[in-house]
1. For segment 5-59, give me the residue count where each residue is touching a residue at least 60 places away in the same chain (Cβ under 8 Å), in a loop (DSSP other than H, G, I, E, B) and more than 14 Å from Ala118 (Cα to Cα).
2. Kindly indicate whether any position in segment 81-89 is more than 13 Å from the chain's Cα centre (by Cα) and among the aliphatic types (A, V, I, L, M).
3. If we scan segment 71-79, do we find a residue that is among the β-branched types (Val, Ile, Thr), exposed (fewer than 10 other Cβ atoms within 10 Å of the Cβ), farther than 23 Å from Met123 by Cα and at pLDDT 90 or above?
4. So, Ala5, is that one exposed (fewer than 13 other Cβ atoms within 10 Å of the Cβ), under 20 Å from Ala124 (Cβ atoms) and small (Gly, Ala, Ser) or not?
5. Within segment 85-103, identify whether any single residue is in contact (Cβ under 8 Å) with a residue 24 or more places away in the chain and exposed (fewer than 10 other Cβ atoms within 10 Å of the Cβ), and answer yes or no.
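The values are calculated or read from the model by the stated rules, or taken from the named source; none is laboratory data. Quick caveat, the model's predicted, so the values are computed rather than measured. Virtual Cβ from ideal backbone geometry, glycine too; neighbours counted across all protein chains shown.
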Amino acid sequence: MKTLAKKNIIEAMTIWARKYDVLCPTRTAPGDCIFDTFREKTFTLDYKKPALSPKSMFFPHSEITFKVENNKYREVVSSKKTLLFGIRACDMMGILQATSFMSRDQKDVYYSAKRNMAMTIVMACPGPQNETCFCT
């Protein structure tokens, strides 16, 4: 395990953003927290458990899986280098469980492509984030 001093986080995130699509805790205008593309102005480490798990980046609402070109079908498996920064340990456990399930028996190529291109940085919890929270 490696640690990163809080004072160095913005600098590290800026450097990582040159190589990766960095998704991190982001404060929205109404005050909610979501995982979105790193922007220094909206980045936050002061957040409770977000309503939508960061695991959702591996399960998009929609995605292109096939294209038709010149009357021929071709499969499209998309992925990009992604860094999930600041996820909680329980979200990491969810990702690990999903990875186990999605690679059992028949491997899901779309999930696997995204997961194989993703790195995660877990942030320690100061304690339970809400009444349904469990710490791992």
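1. 3
2. Looking through segment 81-89, none of the residues is more than 13 Å from the chain's Cα centre (by Cα) and among the aliphatic types (A, V, I, L, M).
3. There is no residue in segment 71-79 that is among the β-branched types (Val, Ile, Thr), exposed (fewer than 10 other Cβ atoms within 10 Å of the Cβ), farther than 23 Å from Met123 by Cα and at pLDDT 90 or above.
4. Considered against the rule, which asks whether it is exposed (fewer than 13 other Cβ atoms within 10 Å of the Cβ), under 20 Å from Ala124 (Cβ atoms) and small (Gly, Ala, Ser), Ala5 comes out as yes.
5. No, segment 85-103 has no match at all.
Quick grid of which residues meet (1) modelled with pLDDT under 90; (2) not hydroxyl-bearing (Ser, Thr, Tyr):
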position	(1), (2)
Pro25	no, yes
Arg39	no, yes
Ala98	no, yes
Thr120	no, no
Pro126	yes, yes
